[in-house]
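Colleague: Here you go, one structure.
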Amino acid sequence: MGRREPAWDELRTFLEVVRDGSLSGAARRLGLTQPTVGRHIDALEQALGVTLFTRSPRGLTPTPAAIALAPHGEAMAAAASALARSASSEAAIDRGVVRVTASEIVGCEVLPPIFAGFRARHPGIALELAVTNRNEDLSRGDADIAVRMIRPTQSGLVARRIGATRIRLYAHRDYLERFGEPRSLSDLSRHCFIGFDRDNQTFRSAGSFAKALTREDFGFRCDSDAAQLAALRAGVGVGGCQDAIARRTPELAPVLPNAFQLALEVWLVMHRDLQSAPRVRLLFDWLAQGLTLYVKGRPAETGVV
């Protein structure tokens, strides 16, 4: 079987098939026809001399060879995206694209009003937001700027500590009226506690109290932080929430405020090589100001727009 270097469009198609598990889904995401996607996969398998997927009525399952190849393809995709963002800046200070990564809660609850002010001031800069609880690799070009809740340790990064935001337990006032207010942490066993389903990594970082809990201790289980917050606001039960976010919903009341609280540091990070990129520096400084207001409990728009 002849060997050649894989083409980038074949690798890009391969990544989408891995993510979606089907030719049709990958075709929709890429704006291609399904036969074209199939030809790309066939050509890549021929170029590499390996089988990348097993076909079944349920879709495509990556083989061990595909699983081993995927991280290399992701790195190439991130580099290509970073290259495109860099090229988009042209010569203008307020033109181009800046990609930001943040946790689900920060991306959904904290950054949008800050972004709104920035876009009003700099409409020529397009913003991309990658919402994930996984720390993206800035050195690999996954994003230009990251908002992180732990101190970064990678070399080659510029990091600014914004401050700290506090997490406490809250419940909707209607819920507390129906079921009563817990008087101790042990009382929580009689309440609907909101927590993780299968992914406990983030929860385990919340200190000794969280480490003592198991999945079965939660009456409402979900691995989406945004969905947990929505359940808390709807009165499903008792759950953790950042004070600054809880203050936006007057119906949320603190529960056992002196028995449990956790301080989360807020860090703003970018790669050292991007300090000279005007559009990235503009957004970095804007985010620093807006996040500082946030941790101080003030609306992000105040003093920013």
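Colleague: With touching a Gly at 6+ places or on another chain (Cβ under 8 Å) and at pLDDT below 95 as the only criterion, which of ALA146, ALA126, ALA159, ALA171 stands out?
Modeller: ALA126
Colleague: I'd like the full set of residues that are open to solvent by 70 Å² or more (accessible area, probe 1.4 Å) and free of Cβ contacts under 8 Å to residues at least 60 places away in the same chain, limited to region 107-128.
Modeller: ARG119, PRO123
Colleague: May I pose another question? Return the pair list, or none, for Cβ contacts closer than 6 Å from residues in region 152-164 that are under 29 Å from ASP243 (Cα atoms) and in a strand (DSSP E or B) to residues that are acidic (Asp, Glu) and open to solvent by 50 Å² or more (accessible area, probe 1.4 Å), at least 6 apart or on different chains.
Modeller: ALA164/GLU265
Colleague: Moving on. Would it be correct to say that THR132 is open to solvent by less than 10 Å² (accessible area, probe 1.4 Å) and hydroxyl-bearing (Ser, Thr, Tyr)?
Modeller: So THR132 fails the test.
Colleague: Any residue that is of a type outside the set (Gly, Ala, Ser), under 25 Å from SER224 (Cβ atoms), open to solvent by 20 Å² or more (accessible area, probe 1.4 Å) and modelled with pLDDT under 85 - is there at least one of those in region 72-95?
Modeller: Checked against the condition, which is being of a type outside the set (Gly, Ala, Ser), under 25 Å from SER224 (Cβ atoms), open to solvent by 20 Å² or more (accessible area, probe 1.4 Å) and modelled with pLDDT under 85, region 72-95 yields at least one hit.
Colleague: Moving to a separate point now. Suppose we filter region 212-222 for residues that are out of contact with any strand residue (DSSP E or B) (no Cβ under 7 Å at 6 or more places or on another chain), open to solvent by 60 Å² or more (accessible area, probe 1.4 Å) and at pLDDT 90 or above; how many remain?
Modeller: So the count comes out to 0.
Colleague: Hey, any hits in region 48-70 for a residue that's of a type in the set (S, T, N, Q) and part of a helix (DSSP H, G or I)?
Modeller: Looking through region 48-70, none of the residues is of a type in the set (S, T, N, Q) and part of a helix (DSSP H, G or I).
Colleague: Could you list, in sequence order, all residues of region 223-271 that are open to solvent by 40 Å² or more (accessible area, probe 1.4 Å), of a type in the set (Gly, Ala, Ser), assigned to a helix (DSSP H, G or I) and in contact with a strand residue (DSSP E or B) (Cβ under 9 Å, 6 or more places away or on another chain)?
Modeller: ALA234
Colleague: If I ask for residues that are hydrophobic (A, V, I, L, M, F, W, C), modelled with pLDDT under 90 and open to solvent by 20 Å² or more (accessible area, probe 1.4 Å), which ones from region 272-282 would you list?
Modeller: Hit for region 272-282 is LEU274, nothing else.
Colleague: Which of the residues belonging to region 250-271 are at pLDDT 90 or above and farther than 13 Å from ARG160 by Cβ?
Modeller: Hits for region 250-271 are PRO250, GLU251, LEU252, ALA253, PRO254, VAL255, LEU256.
Colleague: Which of (1) outside any helix (DSSP H, G or I); (2) touching a strand residue (DSSP E or B) at 6+ places or on another chain (Cβ under 9 Å) does ILE41 not meet, given it meets every other one?
Modeller: (1)
Colleague: Pick from region 160-199 the residues that are in contact with a helix residue (DSSP H, G or I) (Cβ under 9 Å, 6 or more places away or on another chain) and open to solvent by 80 Å² or more (accessible area, probe 1.4 Å): which of them is farthest from GLU216 (Cα to Cα)?
Modeller: Out of the qualifying residues, it is ARG160.
Colleague: Still on this structure, I have one more. Out of all the residues in region 222-252, which are farther than 17 Å from ILE105 by Cβ and in contact with an Asp or Glu (Cβ under 8 Å, 6 or more places away or on another chain)?
Modeller: Scanning region 222-252 gives GLY235, GLU251.
Colleague: Quick one: how many residues across region 245-300 are more than 22 Å from the chain's Cα centre (by Cα) and either within 24 Å of ARG95 (Cβ to Cβ) or charged (D, E, K, R) (or both)?
Modeller: 9
The values are calculated or read from the model by the stated rules, or taken from the named source; none is laboratory data. Treat the numbers as computed from the prediction; the structure is a model and nothing was measured. Methodologically, a virtual Cβ is constructed for each residue, glycine included, from the backbone with ideal geometry; neighbour enumeration extends over all protein chains shown. Please note that ligands, DNA and RNA were not included when accessible areas were found on the heavy atoms of the full protein model with its side chains. Shrake-Rupley method; radii C 1.70, N 1.55, O 1.52, S 1.80 Å.
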